[in-house]
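What follows is a single structure, written as C-alpha cells, with notes after it.
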C-alpha cells in the first residue's frame, strides 16, 4: 500500500497580513508559515490507513519554494516515510492546472494506490488541484471526504462524502483513487521527539520542473483588503419610539421592503 499526500505551506491563520508593495501578493517576509489545515488531516488519515493495513508507505509531496521544507519535515516527523519536493519559487502565480501538472509529472512513476489531498488551500482556496490531478493521472476521485472505512481496504475503498444540506453519501472507489479530505475528519497527532529525530534521516527528493512547465501562468492583477462600504446610522437620538418610526420610514422610502 503506497499513499501519496499533497501538503502545502500557507501563511499562519493568526498572522497579520499586509499587501506587498507590488500589490500582487501578501508580504511574506515577516509572516509565520504553517501546514495547510485540510492537508494536515489528509496526512493523518493516510497514516491511520497505513497503520490499519499494517504495512505500506506514506509519501509527502509539496510544491513550493525552499521554505516549504518546513512543512515537509513536519510531515516526516509525524510519521511519513519520505518526501518529494516540487520546487517552485513563485507558486502563488501558478494556476491549479499548472500545479497539478507539475505534481503529476513528479509522482506518476510512483504508481501510488491512493493520493490524498486537502479539500482546498487556506490561501487561494481554489479547491481544484486535487480533482485536476486525478484527471491527469487517469484515476477516479472523491471530494469532501469526511470518513474513510479502513476495514474496507482491498481492491476498493469505502468512503463517506459530505453533500449539501446535511446529506452525505457512502461510496466504494476502485483503487488507485484520489481523495480530497475535509478538515475535522480526525484528531491530528503531534510530532514526537523520536519522530523529529527520525525525520532527519528520511529522504527528501527535490524535483525542479522545466521552465516551460510554468509557461503561460495565470497573472494576479491585484490583491487588496476587502473594502468597507457600510455605514451605521443612529436613529431616534436615544428615543426608542422615535427610532422605530424613523426605521419604518427608511425601510419604506429608501430600502423599499415594506
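Order of 187-197, 219-229 by packing, highest average Cβ count within 10 Å first?
Ranked from most to least packed, the peptides come out as 187-197, 219-229.
Decide, for the stretch 50-144, between rounded, prolate and oblate: order the square roots of the alpha carbon gyration tensor eigenvalues as a ≥ b ≥ c, take rounded if a/c falls under 1.5, and otherwise choose prolate if a/b is larger than b/c, else oblate. Intermediate results must be reported in sequence, preceding the final value.
Numbers: a/c = 1.63, a/b = 1.17, b/c = 1.39.
Since a/c reaches 1.5 but b/c is at least a/b, the shape of the stretch 50-144 is classed as oblate.
Quick one: Cα centre-to-centre distance for the stretch 150-181 and the stretch 1-32, in angstrom?
About 30 Å separates the Cα centre of the stretch 150-181 from the one of the stretch 1-32.
With a cut-off of 8 Å between alpha carbons and a minimum separation of six or more residues, what is the relative contact order of the stretch 84-212 in percent? Present the calculation step by step, with values, prior to reporting the outcome.
Working: 185 pairs, mean separation 39.7, N = 129.
31 percent.
Just one of (1) 12.2; (2) 15.5; (3) 20.0 is mean projected area of the Cα convex hull in nm² calculated from these coordinates, so which is it?
Of the listed options (1) 12.2; (2) 15.5; (3) 20.0, (3) comes from this structure.
Looking only at the chain, where both bridge partners belong to it, what percent of the DSSP beta bridges are antiparallel (to the nearest 5)? Don't skip to the answer; put the middle values down first.
Details: 15 of 41 bridges.
Antiparallel: roughly 35 percent of the beta bridges in the chain.
Take every DSSP beta bridge with both residues inside the stretch 74-195 and express the antiparallel ones as a percent of the total, to the nearest 5. Please report the intermediate quantities before stating the final value.
Details: 11 of 19 bridges.
Roughly 60 percent of the DSSP beta bridges within the stretch 74-195 come out antiparallel.
Fewest Cβ neighbours within 10 Å first, please rank 101, 13 accordingly. Display every interim value, and only then the final one.
Values: 101 18, 13 10.
So the ranking, lowest neighbour count to highest, is 13, 101.
Using Cα centres only, tell me the gap between the stretch 204-239 and the stretch 98-146 in whole Å.
23 Å
Can you tell me the order of 60-68, 142-150 when each peptide is scored by its average per-residue count of other Cβ atoms within 10 angstrom, highest first? Don't skip to the end; give the middle numbers.
Working: 60-68: 20.8, 142-150: 18.4.
In decreasing order of mean packing, 60-68, 142-150 become 60-68, 142-150.
Rounded, prolate or oblate: which one fits the stretch 105-154, using the alpha carbon gyration tensor with axes a ≥ b ≥ c (rounded when a/c is under 1.5, else prolate when a/b beats b/c, else oblate)?
The shape class here is oblate.
Counting helices only, and only those DSSP H runs with n ≥ 4, report the 222 nm mean residue ellipticity of the chain as the sum of -39,500 (n - 2.57) divided by its residues, in deg cm²/dmol to the nearest 500. The partial results should precede the final answer.
Details: 6 runs with 66 residues, N = 258.
Value at 222 nm, helices only, nearest 500: -7500 deg cm²/dmol.
Based on the alpha-carbon gyration tensor of the stretch 159-258 and its eigenvalue square roots a ≥ b ≥ c, which shape applies: rounded if a/c is under 1.5, prolate if not and a/b is larger than b/c, or oblate? Walk me through the numbers on the way to the answer.
Details: a/c = 2.51, a/b = 2.12, b/c = 1.18.
The shape class here is prolate.
Relative contact order of the stretch 38-146, please, whole-number percent, based on alpha carbon pairs below 8 angstrom and at least 6 residues apart.
Values: 121 pairs, mean separation 29.0, N = 109.
Computed value for the stretch 38-146: 27 percent relative contact order.
With an 8 Å cut-off on Cα pairs and a minimum separation of 6 or more residues, tell me the relative contact order of the stretch 22-91 in percent. Display every interim value, and only then the final one.
Numbers: 64 pairs, mean separation 21.1, N = 70.
Over the stretch 22-91, the number comes to 30 percent.
With a 10 Å radius around each residue's Cβ, average the other Cβ atoms per peptide and rank 84-93, 38-47, 236-245, highest first. Present the calculation step by step, with values, prior to reporting the outcome.
Values: 84-93: 18.4, 38-47: 24.6, 236-245: 10.8.
Most protected by this proxy first, the peptides run 38-47, 84-93, 236-245.
No value in this document is a laboratory result; all are computed from the given coordinates. On a predicted model such as this, the values are computed, not experimentally measured, just so you know. Please note: Cβ atoms are built from the backbone with ideal geometry, for glycine as well, and neighbour counts cover all protein chains shown.
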